[in-house]
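Reading through the structure tokens given below for one structure.
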Amino acid sequence: MRRLLRQLLPPALAEALRRVRGEDHALRTYLRSGRVPWSRGYADYRKQVVLRAVQDAELLECFRVGGTLPPEWGVGVDERCVEWPWVLSHLAQGNGLLLDAGAGLNRDFLLDSDALGRYPIHMILLAPERYCYWDRGVSYLFHDLRDLPIRDAFYDVVVCVSTLEHIGFDNVLYGKRRPSGEDLPDDFVSAVGHFRRVLKPHGVLLFTVPFGRRQLLHTQQVFDRALLSQAIEAFGPSAEVWQTFYRYGPHGWEVSVSADCADCEYVPWIAQLPDERPAAFPVQPDNAAAARAVACVRIVKGEA
């Protein structure tokens, strides 16, 4: 009977139902197996956590003002569970043309949110990804962020979610056909300069980076206080700079301050190439998935 019903459904609806059933099964597997980061069902669980914030106006406002998060927020989940709600909380206050530098928002459940629904969106990334949402009006451009081929003062908002840390490093994981051998850890400065250039006066830059103890990993780096200050200074004169810090611990993510995040370390195997990673992902004592702290920065461009 179920097979007959599936045959009678329009193909798009039948595919959607198959996807939902698959997500439900993967999620149950993840919860039963101890919520191990990056195991089967992990992405579905992370999506569920993020949607809780995206669909709750009061919780989203909490992210916008840097308020206290719910107890045990995102235990065993990577930094996207604070970065995405933080970004969307600020986008919910505005409108205009948005550039997503690095395609950090390239997820259907984010694009379908009320916050992003008010923006025409352009995404720039190194190479095509598995998922493409042109049917939602998203425009894609494949190029290097260090040399944006976009005219001055074009965008109202530039968003850059956990991308600056990869600039100048080997990005074979993100579209490069072969290892580049790059070792240019200061090249993020060029990208930030271009972000300022393409923003209109009073335009807003929202960026996030892994934060804590400075680490130079194979495909990225972790920003410390000095490096974060360098990124902010690279933007140049601004009307406003607002920084929010989140720290991960055994009880999940909590709002924090820079000094209390200074000793946080990134889970190193995440930054390794696939053929260099361990056969089984090592479970951390605190069940951390990637970064143990993240800096979220909002900069408003001035008149000049």
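The values are calculated or read from the model by the stated rules, or taken from the named source; none is laboratory data. Everything quoted here is computed from the prediction, not taken from an experiment. Please note: Cβ atoms are built from the backbone with ideal geometry, for glycine as well, and neighbour counts cover all protein chains shown.
Numerical summary
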{"quantity": "Helices (runs of 4 or more DSSP H) enclosed by segment 166-283 - at least 2 residues per element that are modelled with pLDDT of 95 or more and of a type in the set (S, T, N, Q)", "calculated": "225-235"}
{"quantity": "Index of the failed condition, Ala57 passing every other in (1) free of Cβ contacts under 8 Å to residues at least 60 places away in the same chain; (2) under 19 Å from Tyr133 (Cβ atoms); (3) among the aliphatic types (A, V, I, L, M)", "calculated": "(2)"}
{"quantity": "Boolean, Glu165 is within 13 Å of the chain's Cα centre (by Cα) and of a type in the set (D, E, K, R)", "calculated": "yes"}
{"quantity": "Selection from segment 90-102 of residues that are part of a loop (DSSP other than H, G, I, E, B) and crowded, with 21+ Cβ neighbours inside 10 Å", "calculated": "Gly102"}
{"quantity": "In segment 126-141, residue farthest from Leu105 (Cα to Cα) [restricted to those that are part of a loop (DSSP other than H, G, I, E, B), among the hydrophobic types (A, V, I, L, M, F, W, C) and out of contact with any helix residue (DSSP H, G or I) (no Cβ under 6 Å at 6 or more places or on another chain)]", "calculated": "Ala127"}
{"quantity": "Listing of helices (runs of 4 or more DSSP H) fully contained in segment 8-83 that carry 3 or more residues being closer than 19 Å to Ser113 by Cα and at pLDDT 95 or above", "calculated": "42-54, 57-65"}
{"quantity": "Total residues in segment 262-280, condition of a type in the set (A, V, I, L, M, F, W, C), exposed (fewer than 13 other Cβ atoms within 10 Å of the Cβ) and under 13 Å from Asp170 (Cβ atoms)", "calculated": "1"}
{"quantity": "Residue within segment 66-77 that is charged (D, E, K, R), over 29 Å from Ala153 (Cβ atoms) and either outside the structural domain of Val294 (by TED's automatic domain parsing) or in contact (Cβ under 8 Å) with a residue 60 or more places away in the chain (or both) present", "calculated": "yes"}
{"quantity": "Phe245, sole failed condition from (1) touching a Cys at 6+ places or on another chain (Cβ under 7 Å); (2) closer than 15 Å to Val189 by Cβ", "calculated": "(2)"}
